[in-house]
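Notes follow the structure.
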Amino acid sequence: DQQVKQNSPSLSVQEGRISILNCDYTNSMFDYFLWYKKYPAEGPTFLISISSIKDKNEDGRFTVFLNKSAKHLSLHIVPSQPGDSAVYFCAASERGRGSQGNLIFGKGTKLSVKP
Amino acid sequence: KAGVTQTPRYLIKTRGQQVTLSCSPISGHRSVSWYQQTPGQGLQFLFEYFSETQRNKGNFPGRFSGRQFSNSRSEMNVSTLELGDSALYLCASRPGPSSYNEQFFGPGTRLTVL
């Protein structure tokens with residue numbers, strides 16, 4: 001059973017507009033969430049993270065929102081640029097059990113930003 | 001600071017063989033995790049090592065094993081290869097296990113089993 005779900009396999013956005021990537025999770029023990037970006041033939045690159053004690057974290061053009069009651073998080077990219085075209089993975093980590101090294105990943109959303 | 005390096009980048013093996021993949025973490029990082037990425041299952045956690053000890057293990061058969069050396073470099077081994085082991089194997093490092101840190105990934109080793 002997938003604990004982290006990214007229900008949209010792909011998303012297409014016009015350059016300069018907002019990209020919103022969504023992620024849902026089922027495990028209420030998750031308390032740290034991360035977004036990674038992946039280009040073909042490269043490893044995932046860390047983008048931004050958020051702890052469950054917060055509901056928003058911002059870093060430049062990237063903002064992550066966390067809605068714990070809905071077990072939902074989203075990544076907003078504003079403004080979107082063609083270089084943002086990549087696969088975006090949502091990941092979660094569970095408190096305790098020494099499991100912080102174990103990230104549970106969604107299956108990714110392929111973002112295409114059109115010029 | 002150099003990133004996570006993985007060798008080899010590409011590997012072709014046949015069923016029944018074994019393979020060893022290597023990972024050098026970012027300097028100063030002592031925790032290394034391994035993941036398998038396949039089109040069907042996505043990124044799945046294999047195991048994590050810290051101070052030469054396995055701290056956590058994912059849901060993979062015993063054919064998948066790993067180790068970590070005193071310089072934090074890590075290797076993973078897959079014995080008796082199966083066709084389904086064809087995947088991208090990613091290594092990630094972070095400073096240590098005591099607090100939440102983002103993991104930094106290497107470029108991966110693409111393993112093809114024929």
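Taken together, the values in this text are just the output of simple stated rules run on the coordinates, not laboratory data. These figures come from a predicted structure and were not determined experimentally. Every residue, glycine among them, receives a Cβ derived from its backbone with ideal geometry; neighbour counts consider all protein chains shown.
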Inset, instruction - Report ³J(HN,Hα) in whole Hz for each residue of the range B:29-44, in order, from the Karplus equation J = 6.51 cos²θ - 1.76 cosθ + 1.60 where θ = phi - 60°; Gly and Pro get x. - result: 7, 10, 10, 10, 10, 10, 9, 10, 10, 10, x, x, 9, x, 8, 10
Legend entry - Cα coordinate range in the range A:20-115, projected on the principal axes (Å, largest first): 44, 27, 20
Inset, instruction - Between residue A:74 and residue B:2, with labels modelled 7 Å along Cα→Cβ, what's the label distance in nm to one decimal, could you check? - result: 4.3 nm
Legend entry - Net dipole in debye of the range A:26-72 [+1 Lys, Arg Cβ; -1 Asp, Glu Cβ; about Cα centre; nearest 20]: 120 debye
Legend entry - Selected from B:32, A:115, A:79, residue furthest toward positive end of dipole (the protein assembly as shown; charges at beta carbon): B:32
Legend entry - Protection-proxy order for peptides B:86-94, A:67-75, each taking the mean of Cβ atoms within 10 Å per residue, highest first: B:86-94, A:67-75
Inset, instruction - Note the full-extension length gain between residue A:67 and residue A:41 as 0.36 nm times their separation in residues minus their Cα-Cα distance, in nm to one decimal. - result: 6.1 nm
Inset, instruction - Return the loop-located trypsin sites (Lys or Arg not before Pro) in the range B:7-62 (DSSP other than H, G, I, E, B) with at most 15 other Cβ atoms within 10 Å of their own Cβ; answer none if there are none. - result: B:9, B:15
Legend entry - Cβ-based charge dipole, the protein assembly as shown, positive-most Cα from A:4, A:60, B:51: B:51
